[in-house]
Amino acid sequence: MSAVVFVHGVGKQYLSEDSLARDVVPELVGGARLSDGPVPASDDVSVAFYGDLFRPHGTRAGGEFPYEAADIETEDEFRLLMEWWAEAARTDPAVPAPNAPGSRGTAGWAASRALRLNSVRSALDALTGAAFLRGVLDRALIGDLKQLTAYLSDQAVRSAARARVAARITPATKVVVGHSLGSVVAYETLCDRTHHTGWDVPAFVTIGSPLGMRSLVLDRLDPAPDGNRRAVWPGPVRTWTNIADSTDIVALVRELRPSYGDGVTDLLVHNGSHMHDATRYLTAAETGRAVAAGLRADGTVRTADR
């Protein structure tokens with residue numbers, strides 16, 4: 001019966017609900033405290049965990065799957081990688097643009113396999129050299145983009161992830177926070193009328209969200225947008241705050257209001273060198289205020305000692 005439900009993003013397949021909670025719950029509580037509260041009690045914040053749905057079955061020597069350029073296997077994966085590259089170049093002067101001389105980033109999916117591989121390798125080199133991604137391995141980047149595209153194309157994974165989120169939301173839930181892919185899972189769950197009987201969610205908070213990416217995400221949502229590409233409002237939600245770092249390549253479209261309606265408030269934050277990190281988002285005053293506003297909606301939430 002948690003007042004706040006946090007829905008995580010990609011790359012959590014080797015964690016658990018408990019290990020993730022140890023990282024994000026204190027930061028969420030701390031962010032609310034920085035915003036002058038009310039501050040939820042730690043045990044009144046829960047994590048909707050679905051990362052294990054992406055964990056490979058069976059055993060594999062050597063641990064993490066050794067993804068490489070050739071593992072970009074679908075047009076969606078290729079297009080997402082190219083969009084990340086273009087956005088990284090826009091926000092980091094040290095990153096060459098895909099169309100810069102010698103960057104080999106102009107080949108499309110329809111090009112020959114050799115040209116596509118050249119573009120993928122160039123994109124990975126550019127991204128892992130960006131200031132905010134330095135030290136990130138190719139295999140991690142590829143694994144993350146594969147999870148986003150897999151969620152949107154694998155109905156079994158999609159249904160199971162949404163069921164995990166729905167199981168955490170109750171009539172007592174006042175705030176749902178969705179990070180990265182978790183914002184997509186949370187949005188679709190909140191839109192699903194088969195789940196939200198009795199739900200009344202004063203605040204939906206999305207952080208580092210890809211929900212604004214039209215062809216790759218928005219156009220593939222369930223429920224689908226209308227003929228004008230206007231998305232459905234998540235029924236039980238009263239207010240929606242969308243928060244993005246200005247250099248977050250995952251949150252390529254930082255304003256959701258044009259696509260999701262005037263009920264969305266779009267805000268920018270600065271997360272330093274870890275532009276997409278959930279804990280950086282959670283400790284931002286803007287996130288804390290959005291969470292606190294939801295908790296303040298009717299004044300009945302159990303709060304921590306200040």
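The values are calculated or read from the model by the stated rules, or taken from the named source; none is laboratory data. This one's a predicted model, so the numbers in the text were calculated from it and none came from an experiment. Cβ: placed from backbone, ideal geometry, glycine included. Neighbour counts: every protein chain shown.
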message: I need the strands (runs of 3 or more DSSP E) fully contained in the range 189-284, keeping only those with at least 1 residues that are surrounded by 17 or more Cβ atoms within 10 Å (Cβ to Cβ) and in contact (Cβ under 8 Å) with a residue 40 or more places away in the chain.
response: 201-207, 237-245
- prompt: So which residues in the range 229-262 are under 17 Å from the mean Cα position of the chain (by Cα) and among the hydrophobic types (A, V, I, L, M, F, W, C), if there are any at all?
  reply: W240, I243, A244, I249, V250, A251, L252, V253, L256
task: Report yes if some residue within the range 14-28 is on the phi < 0 side of the Ramachandran plot, surrounded by fewer than 19 Cβ atoms within 10 Å (Cβ to Cβ) and of a type in the set (K, R); otherwise report no.
output: yes
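Residue-by-condition table, conditions (1) farther than 20 Å from A160 by Cα; (2) charged (D, E, K, R); (3) in the same structural domain as L145 (by TED's automatic domain parsing):
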position	(1), (2), (3)
D18	no, yes, no
D23	yes, yes, no
A32	yes, no, no
G37	yes, no, no
query: What number of residues within the range 36-45 satisfy the criterion of being surrounded by fewer than 20 Cβ atoms within 10 Å (Cβ to Cβ) and outside any helix (DSSP H, G or I)?
result: 3
task: With a cut-off of at least 2 residues that are modelled with pLDDT under 85 and assigned by TED's automatic domain parsing to the domain that holds H195, name the helices (runs of 4 or more DSSP H) lying wholly within the range 49-166.
output: none
task: Go through the range 1-40 and give me each residue that's under 18 Å from I169 (Cβ atoms) and aliphatic (A, V, I, L, M).
output: M1, A3, V4, V5, V7, L20, A21, V24, V25, L28
query: Since E27 meets every condition but one in (1) modelled with pLDDT of 90 or more; (2) in contact with a strand residue (DSSP E or B) (Cβ under 9 Å, 6 or more places away or on another chain); (3) under 19 Å from I243 (Cβ atoms), which condition does it not meet?
result: (2)
- prompt: V5: modelled with pLDDT under 90, of a type outside the set (S, T, N, Q), crowded, with 21+ Cβ neighbours inside 10 Å and more than 19 Å from R280 (Cβ to Cβ), yes or no?
  reply: no
field: Any hit, the range 289-304, residues being among the acidic types (D, E), farther than 24 Å from A231 by Cα and at pLDDT below 85
entry: yes
- prompt: Yes or no: V237 modelled with pLDDT under 95 and β-branched (V, I, T)?
  reply: no
